[in-house]
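Taken together, the values in this text are just the output of simple stated rules run on the coordinates, not laboratory data. A quick note: this is a predicted structure, and the numbers were derived from the prediction, not measured. Virtual Cβ from ideal backbone geometry, glycine too; neighbours counted across all protein chains shown.
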Amino acid sequence: MEHRLNARTAARWISRWDAQQQVYATAREERFEVITDVVRHAVRDADRPLVADLGCGPGSLAARIATALPHARVLAVDHDPLLLALGDACHGDAVTFVDARIGTGAWDERLAAQGPLDAVVSTTALHYLPPDVLSSVYERVHDLLRDGGVLVNADHLYQDDGPVRELAAAVARGHGRRSGGTAAGEDWYGWWAAVEACADFGELPAERRRRGLDLGSDNGLSAREHMELMRKAGFPSVGTVWQYGHSCVLAAVRD
Ligand SMILES: C[S@@+](CC[C@H](N)C(=O)[O-])C[C@H]1O[C@@H](n2cnc3c(N)ncnc32)[C@H](O)[C@@H]1O
């Protein structure tokens, strides 16, 4: 697809992306570190571990894992051509970007072709999937992982109890206030508006519109419901390894 992105311009856009994502993902950088710690432990015995990031966007988490674990092969999956192009321009040396709509058709083909996975991670992405699709994705991830492999899902995941759910949201808002939001005050919509106004992206905005990528849905599943779906998918060991307000990191280990 035609565009004029190079590594430097892509890095600038991704840094702006990271700033606006902090509005939505409480303690996002710490969350990335937690995910990386889980993966590091899970792959400690592998010479050349294989890790996949589902709903990678421009590869912020995938790139951090590739830097922390330079011996790993990192596959990053998304269906947004513009975010994939940004990721590839900036991190293409360290991360392999895969264009696929998770949960639809042969979305897992490229992952399966690489052999069993040691770890599958995701951050601020799986809440877009309807519950039945998410259930099938967890099942497929279970089958793609080697024995002892780990699934890590980090996202804003709700509490079942209403008042506690509100408290968790208040904690997230408190964190947002203390960390000052983003320096530029840009949110998701502002970031996309700026992208649309920039000629460097060439045909990519039109292509994402053609694909109908109007994001914003949320399956509303609680952390408990996610863990139930993971168990149903075949993972015997499931639990929370970190939480800040409603920002959670869930881990599931295959037998
Ligand atoms: C809020 S962004 C987060 C991106 C990245 N994980 C991060 O934290 O910066 C959600 C991402 O999930 C991707 N996504 C949502 N549903 C998807 C699907 N069914 N298949 C592939 N990607 C999907 C979107 O394209 C988007 O890049």
**Request:** Report the equivalent ellipsoid semi-axes for the range 16-122 in whole Å, largest first, defined as the square roots of five times the eigenvalues of the gyration tensor built from alpha carbon atoms.
**Result:** 20, 18, 12
**Request:** Report the semi-axes of the equivalent ellipsoid for the range 21-79 in whole Å, largest first, where each axis is √(5λ) for an eigenvalue λ of the Cα gyration tensor.
**Result:** 20, 14, 8
**Whole-angstrom Cα spans of the range 150-246 along principal axes, big to small** = 48, 36, 24
**Asked** If packing is taken as the mean number of other Cβ atoms within 10 Å per residue, what is the order of 97-103, 232-238, 41-47, highest first?
**Response** 97-103, 232-238, 41-47
**Message:** Counting only helical runs of four or more DSSP H residues, what would the 222 nm mean residue ellipticity of the chain come to if each run contributes -39,500 (n - 2.57) and the total is spread over all its residues?
**Reply:** -13500 deg cm²/dmol
**Prompt:** What residue among 107, 188, 17 has the largest mean-square fluctuation in a Gaussian network model of the chain, using Cα springs under 10 Å?
**Reply:** 188
**Prompt:** When you count, for each residue, the other Cβ atoms within 10 Å and take the mean per peptide, how do 196-204, 74-82 rank with the highest first?
**Reply:** 74-82, 196-204
**Prompt:** Hey, what do the phi angles of the range 53-64 turn into as Karplus ³J(HN,Hα) couplings, whole Hz, using 6.51/-1.76/1.60 and θ = phi - 60°, x for Gly and Pro?
**Reply:** 10, 8, x, 6, x, x, x, 4, 6, 4, 5, 5
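Grab the other residues whose beta carbon is less than 12 angstrom from that of residue 205, score K and R as +1, D and E as -1, and report the net.
-2
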**Fill in**
One computes Rg over Rh for the chain from alpha-carbon atoms, with the Kirkwood Rh, and obtains 0.95
